[in-house]
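Read the figures in this text as sums done on the coordinates, not as results from a lab. Just so you know, these numbers come straight off a predicted model, no measurement behind them. Note: ideal-geometry Cβ built from the backbone for every residue, glycine included; neighbour counts use all protein chains shown.
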Ligand SMILES: [Zn+2]
C-alpha cells in the first residue's frame, strides 16, 4: 500500500519516493504527496525528477481500491525502473485551489440541514447535491459562507476507529461517498465549531484561506435534489 503523506500534511509540495512498480500507464511509488482522484476531488498533477535530472510529467493520480496502490499517470515511463529514487513536485497552485474549494464545501454542508447525495470539485468551482425539498436563497447562502470564511476558523484532523465511527452514524453526511475504511481507522476533519465529519480529501488549515466565494447557481435536479454550485472569486 502506498504511504499517503498528504493525509498527514496536505501542505507538502515536494518529497522523495522510491519507484516500486512501472506499469503501462505510469509508476507506483512507496509513498506519495499526490492526492488520487476520489471523493469528488481531482487527482493531482506535477512532476517526478530522477537523480540525473530527467523529468516526467504526472498527468493524473488514481488509487487502485483493491491493492491500495496509487498510480501516477505519466506521459512516458521511459528511463524509469523499480528501485529508482525520484523527487516529487506538485502543481501546488492547482492543488491549493482544490483544497480551498473542498474546505468551502464543508462549510456549505454545515449550512444545509439535509443529506448530501453527491459532490464534485473542478478547478475553482465546487458543487454539492442535497436531498432538499425547498431550494435555499442564493444570495443569503453566499453571505453565510463568506461570514464563516471571514471568521477564520481553524481546520484540524483527528483519527478515530471504525467502531467509534459506527457508534456515531450522524457524523456521516455524504450518502454517495462513504468514508475510506479498511485500515481500521477513519480520519475526521474538524472545522472548529462549524463542521465535523470523516473525509479523505485535502483541506486548507484555516477557513480564511478560502477567500471570498459566491454561490453561482442552485439547480433543481428533480425529486427534491438540489445542486448548489459555488466558486472562488480569487484564484
Ligand atoms: Zn473534506
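Taking the alpha-carbon centroid of each part, what is the distance from the range 191-213 to the range 25-82 in angstrom?
Here the two parts' Cα centres lie 26 Å apart.
Quickly work out the residue 139-to-residue 185 label distance, labels modelled 7 Å from Cα along the C-beta direction, and quote it in nm with one decimal.
About 4.8 nm, to one decimal.
For residue 131 and residue 59 in the same chain, what is the full-extension length gain: residue separation times 0.36 nm, less their Cα-Cα distance, in nm?
Net length gain for the segment: 22.5 nm.
Would you mind telling me the antiparallel percentage of the DSSP bridges in the chain, rounded to 5?
Bridges in the chain that DSSP calls antiparallel: roughly 95 percent.
Using alpha carbons only, how many degrees (0 to 90, rounded to 10) separate the axis of helix 138-150 from the longest principal axis of the chain?
Between helix and principal axis, roughly 60 degrees.
Looking at the square roots a ≥ b ≥ c of the eigenvalues of the Cα gyration tensor of the range 95-232, which shape do they give, rounded for a/c under 1.5, prolate if a/b is larger than b/c, or oblate?
Oblate shape, in that a/c is at least 1.5 and b/c is the bigger or equal ratio.
Let me see the P(r) profile for the chain: every Cα-Cα distance counted, bins of 5 Å, each bin given as a percent of all pairs.
Percent of Cα pairs in each bin: 1, 6, 14, 17, 17, 15, 12, 9, 5, 3, 1, 0.
Mean residue ellipticity at 222 nm from the helices of the chain, using -39,500 (n - 2.57) per DSSP H segment of n ≥ 4 over the full residue count, to the nearest 500 deg cm²/dmol?
Working: 4 runs with 42 residues, N = 235.
That calculation yields -5500 deg cm²/dmol at 222 nm.
Counting only Cα atoms, I'd like the Rg/Rh figure for the range 19-115, Kirkwood definition for Rh.
Working: Rg = 15.7 Å, Rh = 14.5 Å.
For the range 19-115, the value is 1.08.
Cut-off 18 Å, label point 7 angstrom out along Cα-to-Cβ of residue 163: give me the residues of the range 185-219 whose amide nitrogen falls inside.
What the label zone holds, given the 18 Å backbone N cut-off, is 185-187.
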